[in-house]
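The values are calculated or read from the model by the stated rules, or taken from the named source; none is laboratory data. All values reported here derive from a predicted model rather than from experimental measurement. Note that we place each Cβ from the backbone using ideal geometry, even for glycine, and neighbour counts take in every protein chain shown.
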Amino acid sequence: MSRSSERMLTELANDSSLRRADIARREGLTRARVTQLLALNRISPDAVQQIRQTATAGKRPVSIRVLLGLADGRGVALSAKDAHPSRLAER
């Protein structure tokens, strides 16, 4: 999904001594955020295309919670209504 998350995943695969905490310190992020960013690599190419179309159509941005739901295979709908924070609390 993201070039930086793809880069992090590649670094972890190529360096067995590298930990998520190391990447987090280097990037100025929490280890939890690095874990979330790495999870975005599991979003299917079809879902990525749908997200790009939604963004191109000028609709509201998709929240990180919706993206992580897609990464976990929960198949969340990507309409602007579904991306609204009040709707996320219902899930």
Q.
Quick check on residue 57: is it assigned by TED's automatic domain parsing to the domain that holds residue 20 and surrounded by fewer than 12 Cβ atoms within 10 Å (Cβ to Cβ)?
A. no
Of all helices (runs of 4 or more DSSP H) fully inside the stretch 29-91, the set with 3 or more residues that are at pLDDT 85 or above and aliphatic (A, V, I, L, M) is 31-39, 64-71
